[in-house]
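Reading through the C-alpha cells given below for one structure.
Bear in mind that the values in this text are calculations on the coordinates, not laboratory data. Nothing here was measured: the structure is a model prediction, and the numbers come from that model. Don't worry about glycine lacking a Cβ; one is built from the backbone with ideal geometry, like all the others, and counts go over all protein chains shown.
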Amino acid sequence: MMKSTLKKLGLAVASIALMATTGAQAEEVKSPFEGKGMKIAHVRYLSQGDFPELYLSGVRAQAEALGLELDVYDARQDAAIQRSQLEQAIMKGYDGIILQHGFTDSLKDLADMAVQNGIKVVAFDVNADNPEIPQINQDDHLIARMSLEQAIKDNGNAWKAAYVYVPGIPPLDRRDEVFTELKEKFPGIEEVARFGTLNNPIPNQIADQAAAVFRANPDITVAFSPYDEFAKGIKIAVDEAGLSSSVKIYSADISNSDIQAMREPGSAWVATTATNPAIMGQVSVRALAYLMNGENPGSQVTVPPVLITQEMLNALDIKNMNDLVAKVASFSTSDTLTPDWMPLP
C-alpha cells in the first residue's frame with residue numbers, strides 16, 4: 001500500500017513539474033504571427049462523424065496558439081459546395097488555407113490559383129496535385145495493414161468479408177491498396193460484398209446497405225470498414241441481425257462513440273487503427289505556419305497510427321478519448337513539426 005501511495009505521489013509531482021515546464025515554454029515562445037491580424041481558412045469536405053469534429057478542435061487549438069484568426073467553411077460532403085467555398089476563400093484573400101478531404105478534380109485548379117495568388121495552402125487527406133502544397137496524411141497504408149493484420153491474427157487467413165469502400169477519397173484509396181495486396185497474398189480471403197456511401201447520415205445509410213448484404217451472404221465472418229462511420233453502420237446492421245457472435249468488425253479511426261460501441265458487451269467491433277484526430281488538425285496548422293513563416297515542412301507530412309483493440313480498451317478501462325490520451329502514450333502527442341519558434345496548444 002505504501003508503494004502504491006508513493007507511486008501516486010511521484011506521478012502527481014511529475015505532472016506538476018511537467019505543467020510548470022510547459023507553462024514556462026508557452027511564456028517563452030512568441031508566435032511570429034502574433035498581433036499581425038493574419039487569417040486562415042479551413043475548407044472541409046467531410047464533417048459527418050467524430051473524426052472531422054476532433055480534427056477541427058485541433059485546428060482551432062493550434063491556430064489560437066499561433067495567434068491566427070480562423071474561419072471554417074463546411075461543405076458537408078458536397079464537392080460542388082467545397083469548390084465554391086474554396087473560390088470564396090481565395091477571393092477573400094486569406095493568408096493561408098487548409099483543405100480537408102475532397103476530390104482532386106474539383107479542387108486542383110482552384111488550389112493552383114490560390115498558390116499563384118500568394119496564398120499558402122496545405123491539404124489533409126486530399127491530393128491537391130501541386131508540389132507547392134504539402135500533403136498532410138495519416139499513414140493510411142499502415143492504418144489498413146495494422147487492422148487487417150489483426151483480422152488475420154483473430155480469424156486466420158481464410159475468411160469471407162464484407163468491405164465498405166467509396167473510391168475517390170485519397171485515404172480510402174490508399175487503404176484499399178493494402179486490402180487488394182492482402183487478398184492477392186492470401187487467396188483464402190474472399191471479398192463477397194463491396195458497398196458504401198458518403199450520403200448523410202453515413203452510419204444509417206451504411207446500415208441499410210449492410211443489412212441487405214448480410215441477408216444475402218450469411219457466411220460473412222469479417223467486415224473491413226476503413227472509416228469509423230462505416231464501422232458504426234456495420235455494427236448497427238450486425239446488432240439488428242443478431243450476428244454479433246459470428247461477425248467481427250475491423251476499422252480505422254477512433255472517437256468517444258467508437259470506444260463506447262467497441263466496449264459494449266459482446267460487441268462485434270473488435271479492433272481499429274487510428275491517429276489522434278486532434279493531433280492531425282494541429283499538425284495541419286503547423287505545416288501551414290511553416291509556409292507562412294517562409295519555411296518548408298516537406299511535401300509529405302505523415303503521422304503514424306496506433307492499433308486499438310477491444311481487449312486493450314477493456315484491460316485499461318478506457319471509456320473515452322481522454323482516457324485513451326492519458327493511458328496510451330503513443331496516441332497522446334506528436335513531435336511532428338515542432339520547431340523552437342512554434343507555440344503549441
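Our summary gives the chain a relative contact order of 20 percent, counting only alpha carbon pairs under 8 angstrom and 6 or more residues apart.
Normalised by the number of residues in the range 39-92, the mean separation of alpha-carbon contacts (under 8 Å, six or more apart) gives a relative contact order of 50 percent. Distance between the 7 Å Cα→Cβ label points at Thr333 and Met91: 4.5 nm. State, as an integer percentage, the relative contact order of the range 42-166 based on alpha-carbon contacts under 8 Å between residues 6 or more apart. Answer for the range 42-166 is 21 percent. By the count of other C-beta atoms within 10 Å, a proxy for reagent exposure, Phe195, Phe51 are ordered fewest to most as Phe195, Phe51.
Computed extension gain for Thr180 through Asp340, at 0.36 nm per residue and net of the alpha carbon distance, reaches 53.4 nm. Taking other C-beta atoms within 10 Å as the exposure proxy, Ile90, Ile152, Ile97 rank Ile152, Ile90, Ile97 from fewest upward. Residues whose amide H lies under 5 Å from that of Val222, counting only those 5 or more places away or on a different chain, are Lys160, Ala162, Lys248; hydrogens are built 1.01 Å from N in the peptide plane.
What separates the Cα centres of the range 254-275 and the range 42-80 is a distance of 24 Å. Ordering 287-294, 175-182 by mean Cβ neighbour count within 10 Å, with the highest value first, yields 287-294, 175-182. Mean-square fluctuations from a GNM of the chain, with a 10 angstrom spring cutoff on Cα atoms, peak among Ala41, Ala252, Ala158 at Ala158. Could you tell me whether the range 140-274 comes out rounded, prolate or oblate from its Cα gyration tensor? Rule is a ≥ b ≥ c as square roots of the eigenvalues, rounded for a/c under 1.5, then prolate if a/b exceeds b/c, otherwise oblate. Since a/c stays below 1.5, the shape of the range 140-274 is classed as rounded.
Using a Gaussian network model of the chain in which every pair of alpha carbons under 10 angstrom is joined by a spring, one finds that among Val247, Val328, Val121 the greatest mean-square fluctuation is at Val328. Could you list the residues of the range 26-67 with an amide nitrogen less than 19 Å from a label point located 7 Å from the Cα of Arg76 in the Cα-to-C-beta direction? Within reach of a label on Arg76, which here means backbone N under 19 Å from a point 7 Å along Cα→Cβ, the range 26-67 contributes 42-54, 56.
The packing ranking of peptides 131-138, 254-261, highest mean first, is 131-138, 254-261, where packing means the average number of other beta carbon atoms within 10 angstrom of each residue.
The ranking of Arg60, Arg286 from fewest to most other beta carbons within 10 Å of each one's beta carbon is Arg60, Arg286. Can you flag which of Lys108/Lys248; Lys185/Lys232; Lys153/Lys319; Lys183/Lys232; Lys120/Lys183; Lys185/Lys235 are past 32 Å Cα-Cα? Beyond 32 Å: Lys108/Lys248; Lys120/Lys183.
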